[in-house]
1. Being in a loop (DSSP other than H, G, I, E, B) and over 25 Å from T121 (Cα atoms) is the filter; apply it to segment 1-29 and report the residue that is most open to solvent (accessible area, probe 1.4 Å).
2. Does G42 qualify as being touching a strand residue (DSSP E or B) at 6+ places or on another chain (Cβ under 7 Å) and at positive phi?
3. Of the conditions (1) under 24 Å from the mean Cα position of the chain (by Cα); (2) assigned to a helix (DSSP H, G or I), I140 clears all except one; give me its number.
4. Quickly run through segment 72-118 and pick out the residues that are closer than 15 Å to M56 by Cα and polar (S, T, N, Q).
5. So how many residues does segment 39-63 have that are more than 15 Å from I102 (Cα to Cα) and either of a type in the set (F, W, Y) or surrounded by 15 or more Cβ atoms within 10 Å (Cβ to Cβ) (or both)?
6. Taking segment 30-58 as the search range and keeping residues that are outside any strand (DSSP E or B) and without any contact (Cβ under 8 Å) to a residue 60 or more places away in the chain, which one is farthest from D123 (Cα to Cα)?
7. Pairs needed: first member in segment 1-13, closer than 23 Å to F131 by Cα; second member anywhere, modelled with pLDDT of 85 or more and open to solvent by 90 Å² or more (accessible area, probe 1.4 Å); C-beta distance under 9 Å; at least 6 residues apart or different chains.
8. Conditions first: (1) out of contact with any helix residue (DSSP H, G or I) (no Cβ under 7 Å at 6 or more places or on another chain); (2) modelled with pLDDT under 80. E111 passes all but one, so which condition is the exception?
Amino acid sequence: MLEKRTLIGFIVGSIIIGIGVLALFSSLGFKTVNEDKSLDIGESTSYQINANKGAMQQMTITGDKFDLKLTSPGGDPEIPLTHYTKEASIDWAHLEDGVTNIQIQNTGNSELHVKGTFQITTDPILFTYHFVVIISGIVIIGFSMGFTLRKPKGF
């Protein structure tokens, strides 16, 4: 027969392990991020999109006038600082693993609207965090099993 504390520890540890495993599997592969942002007159923004080879990216920018600079791993597309009027629509795929850098500056007399769909790769350090959560659950189960074998002094 299991002790009450052992049973509680086993349940809590199992729940923590389940959360860690679920988070670990959900962090694998590409994540799709939808961006919908408005920039006031004179405002600027930048994006850094970390993705693996083959990730598809799409961006549409509409406004009076704006400047756009884009660099992507593998060099395609490579858009030097370019001045646009009315609208720019860009679709591309990462040719290599790496980071795409995008800089947008509103130079017009109206609000600028940025809309995009990006496939990103999650930060590798999160993979380690998920393992730490799983190990924490295992440690909780281990300590609670100690109550079944021998009741420590003070409990």
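The values are calculated or read from the model by the stated rules, or taken from the named source; none is laboratory data. What you see is a predicted model; the values in this text were computed from it and never measured. A quick note on method: Cβ atoms are made from the backbone with ideal geometry, for glycine too, and the neighbour counts reach across all protein chains shown. For accessibility, only protein heavy atoms count, side chains too; no ligands or nucleic acids. Shrake-Rupley method; radii C 1.70, N 1.55, O 1.52, S 1.80 Å.
1. If we filter segment 1-29 for residues that are in a loop (DSSP other than H, G, I, E, B), which is where we start, we get 1-3, 27-29.
So of that shortlist, the ones also over 25 Å from T121 (Cα atoms) come out as 1-3.
Numbers: M1: 219, L2: 88, E3: 88 Å².
Per the stated criteria, the residue is M1.
2. Values: touching a strand residue (DSSP E or B) at 6+ places or on another chain (Cβ under 7 Å): yes; at positive phi: yes.
Yes.
3. For I140, the exception is condition (1).
4. Those that are closer than 15 Å to M56 by Cα and polar (S, T, N, Q): S72, S89, T100, N101, T117.
5. The total comes to 4.
6. First pass over segment 30-58, keeping only residues outside any strand (DSSP E or B): 40-43, 52-55.
Imposing the further condition that a residue be without any contact (Cβ under 8 Å) to a residue 60 or more places away in the chain reduces the set to 53-54.
Values: K53: 15, G54: 17 Å.
Restricting to residues being outside any strand (DSSP E or B) and without any contact (Cβ under 8 Å) to a residue 60 or more places away in the chain, the top hit is G54.
7. G13/I138
8. (2) is the only condition that E111 fails.
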